[in-house]
Amino acid sequence: MPLANVLWLEGSGHFVPSSSAGNGGVTEEMNRGLAVIASDAVGAAAGGLVRDGANGLVVPAGDSAALASAIRRLAGDPPLRARLGRTGEQDVLAYSHNAWAEGFSGALATLDLSRGGAGSVRRSK
């Protein structure tokens, strides 16, 4: 069985071998505490969220040998997977649903549009 499938079946790692922009589900997997592998062309790595060796592994886009090496590295090193997963989970707290909702509520409060504020919309009965 390919190593990538082993990591996926164990639920201990995630990779999206993509060379297009976007995060390919990286933030969701980091929120789950999983180690991630991202290409340097994917938004999460290119934008600095995934930092090679700190909270995930970053490989050059289109470099299948580097991707294979990163998969083998994660598959063979459970402590590394755990450390990257824990660090990644902490690093994406600012991108969680709760953080988003709190930020949005704070923005509405500055406009006095928060629930019950003077500017809130009231429905007639």
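The values are calculated or read from the model by the stated rules, or taken from the named source; none is laboratory data. These numbers were taken from a predicted model, which means no experiment stands behind them. A quick note on method: Cβ atoms are made from the backbone with ideal geometry, for glycine too, and the neighbour counts reach across all protein chains shown.
Quick grid of which residues meet (1) surrounded by 12 or more Cβ atoms within 10 Å (Cβ to Cβ); (2) closer than 21 Å to ARG32 by Cβ; (3) in contact (Cβ under 8 Å) with a residue 24 or more places away in the chain:
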site	(1), (2), (3)
GLY62	yes, no, yes
PRO78	yes, yes, yes
LEU84	yes, yes, yes
ALA94	no, yes, no
Suppose we keep only residues that are surrounded by 14 or more Cβ atoms within 10 Å (Cβ to Cβ) and among the hydrophobic types (A, V, I, L, M, F, W, C) within the range 16-33. Which one would you say is modelled with the highest pLDDT? MET30
Picking from GLY53, GLY13, the residue that is surrounded by 24 or more Cβ atoms within 10 Å (Cβ to Cβ), at pLDDT 55 or above and closer than 17 Å to ALA82 by Cβ would be GLY13
Looking at the range 88-96, can you tell me whether even one residue there is closer than 16 Å to GLY25 by Cα, part of a helix (DSSP H, G or I), modelled with pLDDT of 85 or more and charged (D, E, K, R)? yes
Got at least one residue in the range 34-49 being touching a helix residue (DSSP H, G or I) at 6+ places or on another chain (Cβ under 6 Å), at pLDDT below 85 and buried (at least 19 other Cβ atoms within 10 Å of the Cβ)? yes
